[in-house]
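Student: Can you keep this structure in mind? I'll have questions shortly.
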Amino acid sequence: MKTSLFSGLFALALMAGCASVNTVEPTNQRATPSAIPSQVEIRDSELADWIEIVQVNESIVSGNLMKVQVEVQSISSRYRGFNYRFIWIEQNGMAVTSPDPVWRGVQLPSGGVQFVSAVAPNPRVVDFRLQLIKAGDARDIDLNPFN
Amino acid sequence: MSHSFKIIALSAASLLLVQGCKTPATYVESNSPQTIVSLDKINTQDWAQAADQMIISLLSSNVLARDPNTPTIMAVSRIVNNTTQLVDTNLLTKKIRVALNQSGKVLTTSVIGPGGQAEDELARELAAEYNYPPAARPYFTLSGRIIEDRASAGSTKQVAYIFQMSLTEINTGLAVWEDEKTITKQGERNAVGW
């Protein structure tokens, strides 16, 4: 009795941990994205182990502003998160510092895909860099003693 | 005497020990994953992320091209705060204004505001005093609302902040762009880093 209960709980935990995204899409894709070649520099092998950059697309919005969309897929077996920000570079190689680049967080289920995108802050931008770091590593502290 | 001294020494040692274990204050990058995540307030990174998503959405929509003049002129209307916090909604609107301004697509009037209240009262007063021609007329207005939604399950708390924004074309009265972004935080207590 005890053994079967334990086995059931174990199987349930295993199933919960392995919940993955299932996807349905048209066989013949009608979208014609303007994909651009990209290079990836890996400094965190743990992050690289479960994140895959599927495609990088570029377009122009509002007349002359570069928009970039990066398709990121999780190949992890569990829900995981990462943070990212875009750095924008002007023709002279200088990074745009205003407005401040914004870090954003993403939580991805196993097999999940996220399209991270951003619009260049001004028309002088010609290049971009996407920086990704793994989420978490937060040190929990009780900030409010009355919580 | 000796007993009192022992007590004082012990108290001092305990205090030092407690102080020694506390994390000293340090500078962190604003809006970065090093910042604090609170379950009872809109954090600085929440404002930044909400504004950033609104800017991407607005510029991607290409609606600013409805005004034949570039840059178009925009006035900021009311941002209604429907949260339990007393917040300065400039934390949202200023970020959007700065980004739109630097994109070269939008100039914001600071002498026209809701209820006749200008952001820059002095500029309006001086314009009247010097008999300047009327201020440039805005083509769009930006309005919005911030809503809070709370839930809990056992000791786990969840708070969602919903940011709603509309861009209205004044000559038609139509909201030509609208968007809603939600930021949801969950946990049992506040945390450093995310």
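Student: Report the net charge of residues surrounding B:VAL98, where surrounding means a beta-carbon distance below 14 angstrom and charges are Lys +1, Arg +1, Asp -1, Glu -1.
Tutor: +1
Student: Anything over 22 Å Cα to Cα? Flag those among A:LYS134/B:LYS185; B:LYS41/B:LYS95; A:LYS134/B:LYS22; A:LYS67/B:LYS181, in the order listed.
Tutor: Cα-Cα > 22 Å for A:LYS134/B:LYS22; rest within.
Student: Evaluate the charge dipole of the stretch B:41-95 about its Cα centre and quote only its size in Debye, nearest 20, assuming +1 on the Cβ of each Lys and Arg and -1 on the Cβ of each Asp and Glu.
Tutor: Dipole about the Cα centre, nearest 20: 80 debye.
Student: Okay, next question. So for each of A:30-42, B:110-122, A:74-86 I average, over its residues, the number of other beta carbons within 10 Å; can you give me the resulting order with the highest mean first? Write out the running numbers ahead of the final one.
Tutor: Working: A:30-42: 8.8, B:110-122: 13.7, A:74-86: 17.6.
By packing density, highest mean first, the sequence is A:74-86, B:110-122, A:30-42.
Student: For chain B, give me the percentage of DSSP beta bridges that are antiparallel, rounded to the nearest 5 percent.
Tutor: Counting only bridges with both partners in chain B, antiparallel ones make up about 75 percent.
Student: Continuing with the same structure: Lys and Arg at +1, Asp and Glu at -1: add these up for the other residues within a Cβ distance under 14 Å of A:ALA95 and post the number. Walk me through the numbers before you get to the answer.
Tutor: Working: positive: A:ARG85, A:ARG124, A:ARG129; negative: A:GLU90, A:ASP100, A:ASP127.
Net of charged neighbours comes to 0.
Student: In addition: Could you please state, rounded to a whole Å, how far the C-alpha centre of the stretch B:42-100 is from the C-alpha centre of the stretch A:98-123?
Tutor: Comparing the Cα centres of the stretch B:42-100 and the stretch A:98-123, I get a distance of 17 Å.
Student: Sticking with this structure for a sec: Compare the Cα positions of B:THR168, B:GLY115, B:ASN81 along the charge dipole of the stretch B:59-194 (+1 at Cβ of Lys, Arg; -1 at Cβ of Asp, Glu; about the Cα centre) and return the one farthest towards the positive end.
Tutor: B:ASN81
Student: Right, another one. With charges only on Cβ, +1 for K and R and -1 for D and E, what is the dipole size of the stretch B:81-143 about its Cα centre, in debye, rounded to 20?
Tutor: 380 debye
Student: Summarise the partner chain shielding of B:94-105 as one whole number: the mean count of Cβ atoms from other chains within 10 Å of each residue's Cβ.
Tutor: Rounded to a whole number, the mean comes out at 4.
Student: Next question. Of the peptides A:60-68, B:145-153, how do they stack up when ordered by the mean number of other Cβ atoms within 10 Å, highest first?
Tutor: Going from most to least packed, we get A:60-68, B:145-153.
Values in this text are rule-based calculations from the coordinates and carry no lab data. None of these values were measured; they are calculated from a predicted model. Cβ sites come from the backbone with ideal geometry, for glycine too, and all protein chains shown count toward neighbours.
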